[in-house]
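See structure below.
Coordinate-derived values only; no laboratory data. What you see is a predicted model; the values in this text were computed from it and never measured. Counting neighbours? That spans all protein chains shown, and the Cβs are built from the backbone with ideal geometry, glycine included.
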Amino acid sequence: MSRLSNKIAIVTGAGSGFGAAIARAYIKENAKVILADVNLEAARGIAAELGDNASAVACDVTQFDQVQAMVRHCVERFGVPSIVVNNAGTTHRNQSMLEVDEETIDRVFAVNVKSIYHMTRAVVPLMREKKDGVIINVGSVGGIRPRPGLTWYNSSKGAVKVMTKSMAIELAPDGIRVNLISPVMAPTGLLKDFMGVADTAENRARFVSTIPLGRMCDPVDVANTATFLASEDARFLTGIEMPVDGGRSI
């Protein structure tokens with residue numbers, strides 16, 4: 001039997017990168033998946049590839065009304081979500097902390113942090129009724145072992161780390177598990193901003209040299225971890241932070 005049979009999942013930022021890989025993995029394990037993304041065309045492309053158990057929805061996760069509407073779509077199309085992956089994220093360019101403007105800071109914290117607040121308000125009441133649910137937040141190795149140049153991004157992911165642990169404690173009596181995945185740099189759409197330099201083989205090699213296992217994170221690595229954490233195999237795990245980083249945070 002597949003690990004996520006009869007499960008209904010919402011994955012944000014599912015139009016590309018980690019989110020698309022997680023959606024693919026969940027469909028493979030027989031879950032029904034809502035692919036939420038601010039880029040509806042991208043989400044539709046992935047959903048079309050995945051078949052009838054996938055449904056794409058346009059959603060700006062910084063807007064509570066859009067998050068609510070997306071959750072309503074999930075309930076109407078498949079049922080109450082049993083798994084939510086808060087994957088949508090953004091960053092500022094790798095640069096001096098003093099060079100990042102206030103508008104960018106606000107956007108980083110709205111997408112990376114406040115979005116989880118919105119999602120929690122929308123889905124936890126539904127999960128509480130069933131006394132069952134899994135929430136997976138996607139953080140960053142930068143929230144464990146921060147380095148210069150991404151100070152405000154790292155801080156947003158540090159907030160997600162504390163939020164995850166606090167949510168886990170508060171929601172445990174309701175049978176809702178909350179865990180965190182913290183990936184290292186991956187070849188996704190944010191790579192150039194994370195590096196702060198041109199995306200060349202030479203510059204990639206410089207960053208890869210800091211990862212003991214000798215490569216960047218592959219989105220499939222995150223998807224495999226998200227599948228495990230959503231499954232019954234992880235039924236006694238809550239409040240944990242799982243680095244998917246090839247040893248970068250050691």
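Counting other beta carbons within 10 Å of each Cβ, put 155, 2, 209 in order, fewest first.
Values: 155 19, 2 14, 209 9.
Taking fewest neighbouring Cβ atoms as first place, the list is 209, 2, 155.
Taking one quarter of the surface of the C-alpha convex hull of the chain gives a mean projected area of 12.9 nm².
Of the residues 168, 112, 190, the one whose Cα sits farthest toward the positive end of the charge dipole of the chain, with +1 on the Cβ of Lys and Arg and -1 on the Cβ of Asp and Glu, is 168. Taking the Cα centre of the range 8-243 as reference, the dipole from Cβ charges on Lys and Arg (+1) and Asp and Glu (-1) amounts to some 460 debye. Applying the criteria of a DSSP loop state and at most 11 other Cβ atoms within 10 Å to the trypsin sites (Lys or Arg not before Pro) of the range 175-250 yields 235.
With helices as the sole contributors, the chain gives -13500 deg cm²/dmol at 222 nm; each DSSP H run of n ≥ 4 counts as -39500 (n - 2.57), and the sum is divided by every residue. Relative to the longest principal axis of the Cα atoms of the chain, the long axis of helix 17-28 lies at roughly 30 degrees.
For the range 16-105, the relative contact order comes to 21 percent (Cα pairs under 8 Å, sequence separation of at least 6). In summary, the lysines within cross-link reach of residue 28, defined as a Cα separation below 21 angstrom excluding same-chain residues under 8 places away, comprise 7. In a DSSP loop and with at most 15 other Cβ atoms within 10 Å, the chymotrypsin sites (Phe, Trp or Tyr not before Pro) in the range 145-250 are 236.
Going by how many other beta carbons lie within 10 Å of each one, how would you line up 33, 123, 100, fewest first?
So the residues, fewest neighbours to most, are 100, 123, 33.
Here's how it looks for residue 54: its modeled amide H is under 5 Å from those of 33, which are all 5 or more places away or on a different chain. The three principal axes of the Cα atoms in the range 1-93 give end-to-end lengths of 43, 26, 19 Å, sorted in falling order. Along the range 30-41 the Karplus relation, 6.51 cos²θ - 1.76 cosθ + 1.60 evaluated at θ = phi - 60°, assigns HN-Hα couplings of 6, 7, 9, 10, 8, 9, 9, 7, 5, 9, 4, 4 Hz to successive residues, with x for each Gly and Pro.
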